[in-house]
């Protein structure tokens, strides 16, 4: 089994409360979960900074190339949206 980890650091714009931040993160997490059962997602660094968020996404498959392609495709889909954008992305394979 090959496991790929994608860590995404986001900048959040115009967020005025933790509730608004959680709403954006729930949207991003739901998008990852809709991508299939081979994906898992969690929030890292439970920071109270309203303008920053970090998500870690895992993908499992039998082939490292499949995992790399799946993570790259997902990153493109969730790199930018209404009120957020990725400022740093890091991939790791186990």
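The values are calculated or read from the model by the stated rules, or taken from the named source; none is laboratory data. Note that the coordinates shown come from a computational prediction; the quantities given were computed from them, not determined experimentally. Reconstructed Cβ throughout: ideal geometry from the backbone, glycine too, with neighbour counts over all protein chains shown.
Just one of (1) at pLDDT below 95; (2) loosely packed, with under 14 Cβ neighbours inside 10 Å trips up residue 84, so point out which.
Tallying (1) at pLDDT below 95; (2) loosely packed, with under 14 Cβ neighbours inside 10 Å, residue 84 fails exactly one: (2).
Scan segment 43-60 residue by residue and report those that are over 9 Å from the mean Cα position of the chain (by Cα), in a strand (DSSP E or B) and under 18 Å from residue 82 (Cβ atoms).
If the condition is that a residue be over 9 Å from the mean Cα position of the chain (by Cα), in a strand (DSSP E or B) and under 18 Å from residue 82 (Cβ atoms), then 52, 53 are the ones that fit.
Any residue at all in segment 6-26 that's more than 13 Å from the chain's Cα centre (by Cα), in contact (Cβ under 8 Å) with a residue 40 or more places away in the chain and closer than 15 Å to residue 91 by Cα?
No.
For segment 44-61, enumerate the residues that are loosely packed, with under 15 Cβ neighbours inside 10 Å and either at pLDDT 95 or above or closer than 19 Å to residue 33 by Cβ (or both).
44
Where residues in segment 1-37 are touching a helix residue (DSSP H, G or I) at 6+ places or on another chain (Cβ under 9 Å) and surrounded by 17 or more Cβ atoms within 10 Å (Cβ to Cβ), which of them is farthest from residue 87 (Cα to Cα)?
If we take residues in segment 1-37 being touching a helix residue (DSSP H, G or I) at 6+ places or on another chain (Cβ under 9 Å) and surrounded by 17 or more Cβ atoms within 10 Å (Cβ to Cβ), then 35 is farthest from residue 87 (Cα to Cα).
For segment 72-94, give me each residue that is over 13 Å from residue 7 (Cβ atoms), in a strand (DSSP E or B) and over 13 Å from the mean Cα position of the chain (by Cα).
Across segment 72-94, there are no qualifying residues.
When you go through 69, 40 one by one, which is the residue that is in a strand (DSSP E or B), surrounded by 11 or more Cβ atoms within 10 Å (Cβ to Cβ) and free of Cβ contacts under 8 Å to residues at least 60 places away in the same chain?
The match here is 40.
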